[in-house]
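The values are calculated or read from the model by the stated rules, or taken from the named source; none is laboratory data. Just so it is clear, the model here is predicted, and its values are computed rather than measured. With ideal geometry, Cβ positions are generated from the backbone for all residues, glycine too; neighbour counts draw on all protein chains shown. Each accessible area value is taken on the protein alone, full model and side chains, heavy atoms only, with ligands, DNA and RNA left out. Shrake-Rupley method; radii C 1.70, N 1.55, O 1.52, S 1.80 Å.
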Amino acid sequence: MNQVFMNLLANAIDALEESNYGWSFNDIKVNPNQITIHTALTEDNNHVLIWIQDNGVGVSADVQQKMFDHLFTTKPMGKGTGLGLSIAYQAIAQKHQGSLEVNSVLEKGSEFIITIPLY
């Protein structure tokens, strides 16, 4: 799970850095970068929910459909391997029998939702 969180947070940080391009200090001050993490139990108390949200650049619906694919990356050459999100997805789905979902809106940010059963 540590690697899952590390990959999701590293991607959120990259999205925030990218969202700052072309912005002045005052623009950033008015709309500061933010990563939010929420946790909760489902109503039936059988699963843990973890939301990791950022207010970065967001991703298109087309990218959302491919982002968990092995070796898929939107990052420039030398910056990303295309392994982080596929490893995170496999760890959650296969090792923990959970799910990893994404909701994102361009120019608004992204939200990753992890659902893991309690054992």
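When you check Leu9 against the structure, is it over 17 Å from the mean Cα position of the chain (by Cα), under 30 Å from Leu118 (Cβ atoms) and either open to solvent by 40 Å² or more (accessible area, probe 1.4 Å) or among the aromatic types (Phe, Trp, Tyr) (or both), yes or no? Against the criterion (over 17 Å from the mean Cα position of the chain (by Cα), under 30 Å from Leu118 (Cβ atoms) and either open to solvent by 40 Å² or more (accessible area, probe 1.4 Å) or among the aromatic types (Phe, Trp, Tyr) (or both)), Leu9 does not qualify. Of the residues making up segment 102-119, those that are closer than 15 Å to Ala40 by Cβ and out of contact with any Gly (no Cβ under 8 Å at 6 or more places or on another chain) are Glu111, Phe112, Ile113, Leu118. All conditions but one from (1) open to solvent by 90 Å² or more (accessible area, probe 1.4 Å); (2) within 14 Å of the chain's Cα centre (by Cα) apply to Gln97; the one that does not is (2). Does any residue of segment 74-92 turn out to be modelled with pLDDT of 90 or more, assigned to a loop (DSSP other than H, G, I, E, B) and loosely packed, with under 14 Cβ neighbours inside 10 Å? So far as segment 74-92 goes, no, none of its residues is modelled with pLDDT of 90 or more, assigned to a loop (DSSP other than H, G, I, E, B) and loosely packed, with under 14 Cβ neighbours inside 10 Å. Annotation: Leu16 fulfils all but one of (1) surrounded by 12 or more Cβ atoms within 10 Å (Cβ to Cβ); (2) within 19 Å of Leu118 (Cα to Cα); (3) out of contact with any helix residue (DSSP H, G or I) (no Cβ under 9 Å at 6 or more places or on another chain); the unmet one is (2). Please enumerate the residues belonging to segment 40-73 that are part of a loop (DSSP other than H, G, I, E, B) and either of a type in the set (Phe, Trp, Tyr) or touching a Cys at 6+ places or on another chain (Cβ under 6 Å) (or both). Hits for segment 40-73 are Phe68, Phe72.
For segment 22-39, the set of residues classified as in a loop (DSSP other than H, G, I, E, B) and either among the β-branched types (Val, Ile, Thr) or more than 17 Å from the chain's Cα centre (by Cα) (or both) consists of Gly22, Trp23, Ser24, Asn31, Pro32, listed by residue number. Here Ser24 meets the list (1) of a type in the set (Ser, Thr, Tyr); (2) out of contact with any strand residue (DSSP E or B) (no Cβ under 8 Å at 6 or more places or on another chain); (3) surrounded by 15 or more Cβ atoms within 10 Å (Cβ to Cβ) almost entirely, failing just condition (3).
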